[in-house]
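The values are calculated or read from the model by the stated rules, or taken from the named source; none is laboratory data. If you're wondering where the values come from, they're calculated on a predicted model, not measured in any experiment. No Cβ is skipped: glycine too gets one built from the backbone with ideal geometry, and neighbour counts run over all protein chains shown.
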Amino acid sequence: MMRDQKSSVWKTSSFSGREIRTAARKNIPLHIGFIPDGNRRWAVEKGMPKEKGYAFGIDPGVSLIEKCIETGIAEVSIYCFTQDNTKRPRAQKLAFTDASVKFASEITRHKVALLVVGDETSAQFPEPLKEFRIRQGTGMKVNLLVNYGWEWDLAGLRDGSLRSREVSRLDLIVRWGGGRRLSGFLPVQSVYADFYVRDELWPDFEPQHFEHALSWFKRQDRTFGG
């Protein structure tokens, strides 16, 4: 963890001994980040307007959460939409905002502890998600990045801490849609994360994508620079 002498720069919620032992025994990551890209391209391929693709990413997201719970993952972070995304046409903004709210509603029916990370002072932040700016629930930690921006996050350092300080360091990041970039995804927490990419577009998610990512992760030599 990163700390200064006067305040907590990175005040993460700690993992329990049981979570650490489970991850070590199964050789699985404690914290996985997911970048579900390709919704618009998927819609265009299906002959639909771009904004229609976001709604088809909700059910895959719920399936992914269920797989993570089943596997014993302690914490997951999911990119919903960024501050840059809000520059898109109005129909798309409404669609991905609505999908984010519906997805949050769906996963609260599972045993998860939900935290929404993003600039809640902006009009772009969905009102129904403001209650989750403080983690709610028990179970696997789920962090949804909503109206998130890396500059917004790091700006908190002026006051001594990241704005995403409750999010722990990432072990693995999985991205759909073929992109080989972070796109501003939790830059501090990603510092030593392994990066696994799927070429499939997000609405075409299948459980074996997650299983392949875990299998790939187990073969990595994680030296953390040592």
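Considering segment 127-143, the residues that are touching a helix residue (DSSP H, G or I) at 6+ places or on another chain (Cβ under 7 Å), among the aliphatic types (A, V, I, L, M) and surrounded by fewer than 24 Cβ atoms within 10 Å (Cβ to Cβ) include one that is nearest to Glu166 (Cα to Cα), namely Met140.
Please determine whether any residue of segment 60-74 is modelled with pLDDT of 95 or more and more than 16 Å from Pro207 (Cβ to Cβ). Yes, segment 60-74 has at least one match. Just one of the listed residues (Gly53, Gly33) is modelled with pLDDT of 95 or more and over 16 Å from Phe217 (Cβ atoms), and it is Gly53.
Total residues in segment 68-95 satisfying the condition of being touching a residue at least 12 places away in the same chain (Cβ under 8 Å), surrounded by 15 or more Cβ atoms within 10 Å (Cβ to Cβ) and not small (Gly, Ala, Ser): the figure is 15.
Given the structure, is Gly184 of a type outside the set (Val, Ile, Thr), in a loop (DSSP other than H, G, I, E, B) and either touching a Pro at 6+ places or on another chain (Cβ under 8 Å) or crowded, with 16+ Cβ neighbours inside 10 Å (or both)? Spelling it out, Gly184 is indeed of a type outside the set (Val, Ile, Thr), in a loop (DSSP other than H, G, I, E, B) and either touching a Pro at 6+ places or on another chain (Cβ under 8 Å) or crowded, with 16+ Cβ neighbours inside 10 Å (or both). Among residues of segment 74-105 being of a type in the set (A, V, I, L, M) and under 17 Å from Phe185 (Cβ atoms), the one that is farthest from the chain's Cα centre (by Cα) is Val76. For segment 97-143, a residue qualifies if it is touching a residue at least 40 places away in the same chain (Cβ under 8 Å), touching a Gly at 6+ places or on another chain (Cβ under 9 Å) and within 24 Å of Gly72 (Cα to Cα), and the qualifying residues are Phe103, Glu106, Ile107, His110, Lys111, Val112, Met140, Asn143.
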